[in-house]
Amino acid sequence: MAEGGAARGRGAEAKRVVFVTVGTTCFDALVRAVDQQEVKQGLLAKGYTHLIIQMGRGTYIPTKSEGETGSLAVDYFTFSSSIADHLRSASLVISHAGSGSIFETLRLCKPLIVVVNEDLMDNHQAELAEELAERKHLYCARPQTLHQTISEMNLESLLPYQPGDATPVAKLINRFLGFPED
Amino acid sequence: MALGMALGVCIIVPVLLLIRVAYVLYRSGKPVGAKSPKSYSTLVVLGSGGHTAEMINLLLVLEKHRFTPRYYIAAATDNMSLQKARSLENSWADKGGDKIAKIAAEYMQIYRSREVGQSYITSVWTTLVALAHALWLMLRIRPQVILCNGPGTCIPLCMIAFLLKVLGIGWSSIFYVESIARVRRLSLSGLILYKLRVADKFFVQWPQLQRKYPRADYVGCLM
């Protein structure tokens, strides 16, 4: 107990959380990937201390860990109404490719690795992640290349995402319907 | 004599119908050009998840008094979207302090033609049910403006809106915004509405899509 308290006390100074989220989907390949020693070691080497996994409808259960010295503290849950809080307190987010999760994370200016689910039939979601990766707003990976992305990433090189704006659409709709421009 | 008349009807009716379809297609996509419109009754089709989030972003910048009354439709299996629309409407009502805003919105659910993983044989029947339901809703609402951004929920509604235009029962301007997730290829819903020219205005959020589909308007990212 005392040891745990000490670890928590020490962790509070430099607690760096990695938050993994699969949204409402089932994405066992991602949960399995972050549960691999290779990935955990990579995160540890980058200075992260905690790994929190939101596993959604998946069935693969990752191994919990208290985070003894030289290892990552790992915890998981299925769903939560406070995903936003988890995102806010994270130092790095690893997410599925859903546009909701992507833009929520980018809006909070958190470094983001998007992992594309290759098991999906209609895999159009890769398009968005790849486009945003090309524009250097995030990193895009596959479950099997995640460890590589983590060891090679340079978060300094990521560019902040400027939130979009719907006024051009509104303008065109108004013009079409005959409303005067204001 | 009767045969001649029957033959005449058989030829004239389809020809008239074709002319009417051609006229509707010609008129669609042309600005409504009303001199001084006050407001349009507006149907907002909420997709789910990311689609709904994008639609809410659009609603936030539209002048509410121009799009009144508002009818929200979401899939029967989607219980989040209408809730989000409701809280948006309530926030407007609170801010404006006017009671009109509160009664200016209605919320409805629609059956989906096909759930993920449903077999194609049973989906014939469910599609018919969904179409009948969509027809009933459209006849009730008679929207002058339809705002939609996929996925499939909006297709029966838009097709029926087009049918009502052809039959001269109602005229609605259909605006479709392709999802931000579509960077290189249109979604199936988008493709249908674009190819059949059912959407009066078709918006895309990435320049490379606009190059591929030149009748679309590139509007930048909504998120």
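Readers should treat all values here as calculations from the given coordinates under stated rules, not as data from a laboratory. Just so it is clear, the model here is predicted, and its values are computed rather than measured. FYI the Cβ positions are ideal-geometry reconstructions off the backbone, even for glycines, and counts take in every protein chain you see.
Here are a few things to note about the model shown:
- Note on residue A:40: lysines with a C-alpha under 20 Å away, same-chain residues under 8 apart excluded, are A:15, A:64, A:110.
- Taking the Cα centre of chain B as reference, the dipole from Cβ charges on Lys and Arg (+1) and Asp and Glu (-1) amounts to some 520 debye.
- Degrees separating the helix B:154-167 axis from the principal Cα axis of chain B, which is the longest one: 50 degrees
- What the Cβ-Cβ distance of residue A:145 and residue A:59 gives, at R0 = 22 Å and to the nearest 0.05, is a FRET efficiency of 0.45.
- The calculated 222 nm mean residue ellipticity attributable to helices in chain A amounts to -11000 deg cm²/dmol, summing -39500 (n - 2.57) over DSSP H runs of n ≥ 4 and dividing by all residues.
- On Cα atoms only, tilt of B:2-27 relative to the major axis of chain B in degrees: 30 degrees
- In this calculation the C-beta distance from residue B:136 to residue B:41 is compared with R0 = 22 Å, giving a FRET efficiency of 0.85.
- Across chain B, C-alpha contacts under 8 Å between residues 6 or more apart give a mean separation that, scaled by the residue count, equals a relative contact order of 20 percent.
- The charge dipole of region B:176-223, taken about its Cα centre with unit charges on the Cβ atoms of Lys, Arg (+1), Asp and Glu (-1) only, comes to about 240 debye.
- Translational diffusion of chain B, µm² s⁻¹ [Kirkwood Rh, Cα pairs; Stokes-Einstein; 20 °C; 1.002 mPa s]: 114 µm²/s
- Averaged over the residues of peptide A:95-107, the number of Cβ atoms from other protein chains lying within 10 Å of each residue's Cβ is 3.
- Cα-only Debye scattering, the protein assembly as shown: base-10 log of I(q)/I(0) at q = 0.08 Å⁻¹: -0.52
- Taking amide H as placed 1.01 Å from N in the peptide plane, the amide H of residue A:53 sits under 5 Å from that of A:20, A:75, A:76, A:77, each at least 5 places away or on another chain.
- Loop trypsin sites (Lys or Arg not before Pro), region B:2-40, which have at most 13 other Cβ atoms in a 10 Å radius of their Cβ (DSSP): B:35, B:38
- Between the amide H of residue B:106 and those of B:70, B:71, B:72, distances stay under 5 Å, these residues lying 5 or more places away or on another chain, with hydrogens modeled in the peptide plane.
- For the protein assembly as shown, with +1 on Lys and Arg beta carbons and -1 on Asp and Glu, the positive-most of B:188, A:145, A:157 along the dipole: B:188
- Per-selection Kirkwood Rh - region A:2-177 (Cα, Å, 1 d.p.): 17.1 Å
- Lys, Arg +1 and Asp, Glu -1 on Cβ, resulting dipole of the protein assembly as shown about Cα centre, debye, nearest 20: 1640 debye
- Residue-span extension gain [residue B:3 to residue B:87] - 0.36 nm each, minus C-alpha spacing: 24.1 nm
- Residue-averaged 222 nm ellipticity for chain B, from DSSP H runs of 4+ at -39500 (n - 2.57), nearest 500: -15500 deg cm²/dmol
- Using a Förster distance of 25 Å, the FRET efficiency for residue B:184-residue B:60 (Cβ separation, nearest 0.05): 0.35
- Hits among lysines - C-alpha to C-alpha of residue B:35 under 23 Å, sequence gap 8 or more where chains match: A:171, B:64, B:165, B:201
- The HN-Hα couplings worked out from phi for region B:59-72 by the Karplus form 6.51 cos²θ - 1.76 cosθ + 1.60 (θ = phi - 60°) are 4, 4, 9, 7, 6, 4, 5, 7, 10, 9, x, 10, 10, 9 Hz, whole numbers, x standing for Gly and Pro.
- Where GluC sites (Glu not before Pro) fall in DSSP loop in region A:30-138, at most 13 other Cβ within 10 Å: A:66, A:68, A:118
- Values of log10 I(q)/I(0), in the order q = 0.18 Å⁻¹, for region B:7-48 under a Debye, Cα-only, solvent-free model: -0.77
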